[in-house]
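Colleague: Before I ask anything, here is the structure I am working with.
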Amino acid sequence: YHELTVTRERVTGLKPVTLPVKDPKLAEHLKATHNIEAGHPQIKAMARKAAGGAKTTLEAASKINKYVYKTLKKSLSTNLDSALAIAQAKAGDCTEHARLMVALCRAIGLPAREVGGVTWVPDLGGFGYHAWVEVYIGDGKWLSADPSWDELPANATHIWMGGPNDSRWMGTLGGLKARVK
């Protein structure tokens, strides 16, 4: 038996951090990759539109989260690897929502990373696999954002289990039990 304490993230009282973030320790979370094409002209243009002139990390994260939520059609049958393909298809499940948000954030100098785990899914009446995003908002703080559900911060039932390439935890999903007091 293990006990888990769930705490809601807060965004009040945070010191505004101006974009772009240039901390070399965060370079990994700012770079373009083969499937997060943050430097591609189409992604850069979409990122500028999504951020809408935001000057701080928190403002940009909020605007981009909402943009991805509104722009992508919700689809469980979509299986696209690259942010560019997702931007062009304008559809996807939680993984595609997360990947596009990460690319848009990185394109404007906002460190971001994909994460995965479980969250409470009312339609299932239990926990299910889900992917979302963490954005760096300054002072060593990462904030969860869920562009599939338009949440920033993501609701408190999002339980982080690993990054996008860490599937070792997937087998635990069926054995996870929760008791809410």
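The values are calculated or read from the model by the stated rules, or taken from the named source; none is laboratory data. Here the structure is a predicted model, which means the values were calculated and not measured. Glycine gets a Cβ as well: all are built from the backbone with ideal geometry, and neighbour counts include every protein chain shown. Accessible surface areas use protein heavy atoms only, side chains included; no ligands, DNA or RNA. Shrake-Rupley method; radii C 1.70, N 1.55, O 1.52, S 1.80 Å.
Colleague: How many residues, within the range 92-102, are open to solvent by 10 Å² or more (accessible area, probe 1.4 Å) and at pLDDT 95 or above?
Modeller: Looking only at that region, the number is 1.
Colleague: Same structure, new question: Given the residues ALA54, ALA85, which is the only one that is surrounded by 14 or more Cβ atoms within 10 Å (Cβ to Cβ), assigned to a loop (DSSP other than H, G, I, E, B) and not β-branched (Val, Ile, Thr)? Full working, then the answer.
Modeller: Details: ALA85 fails: assigned to a loop (DSSP other than H, G, I, E, B).
Every option except ALA54 fails the conditions.
Colleague: For the range 63-76, state whether one or more residues are closer than 18 Å to GLU28 by Cα, of a type outside the set (S, T, N, Q) and either without any contact (Cβ under 8 Å) to a residue 60 or more places away in the chain or crowded, with 22+ Cβ neighbours inside 10 Å (or both).
Modeller: From the range 63-76, those closer than 18 Å to GLU28 by Cα are none; that's our starting set.
No.
Colleague: Right, next: Which numbered condition in (1) out of contact with any helix residue (DSSP H, G or I) (no Cβ under 8 Å at 6 or more places or on another chain); (2) in a helix (DSSP H, G or I) is the only one that LEU124 fails?
Modeller: Going through (1) out of contact with any helix residue (DSSP H, G or I) (no Cβ under 8 Å at 6 or more places or on another chain); (2) in a helix (DSSP H, G or I) one by one, LEU124 breaks only (2).
Colleague: Okay, moving on. Kindly provide the set of residues from the range 57-79 that are assigned to a loop (DSSP other than H, G, I, E, B) and either within 16 Å of the chain's Cα centre (by Cα) or under 16 Å from LEU110 (Cα atoms) (or both), ordered by number. Spell out the reasoning first.
Modeller: Initially, the range 57-79 is screened for residues assigned to a loop (DSSP other than H, G, I, E, B), giving 72, 75-79.
Of everything in the range 57-79, just one residue is assigned to a loop (DSSP other than H, G, I, E, B) and either within 16 Å of the chain's Cα centre (by Cα) or under 16 Å from LEU110 (Cα atoms) (or both), namely LEU72.
Colleague: Right, ASP123: among the acidic types (Asp, Glu) and open to solvent by less than 30 Å² (accessible area, probe 1.4 Å) or not? Please lay out each step first, then the result.
Modeller: Details: among the acidic types (Asp, Glu): yes; open to solvent by less than 30 Å² (accessible area, probe 1.4 Å): no.
Spelling it out, it is not the case that ASP123 is among the acidic types (Asp, Glu) and open to solvent by less than 30 Å² (accessible area, probe 1.4 Å).
Colleague: In this structure, does LYS25 turn out to be over 16 Å from the mean Cα position of the chain (by Cα) and assigned to a helix (DSSP H, G or I)?
Modeller: Details: over 16 Å from the mean Cα position of the chain (by Cα): yes; assigned to a helix (DSSP H, G or I): yes.
When the stated conditions are applied, LYS25 passes them.
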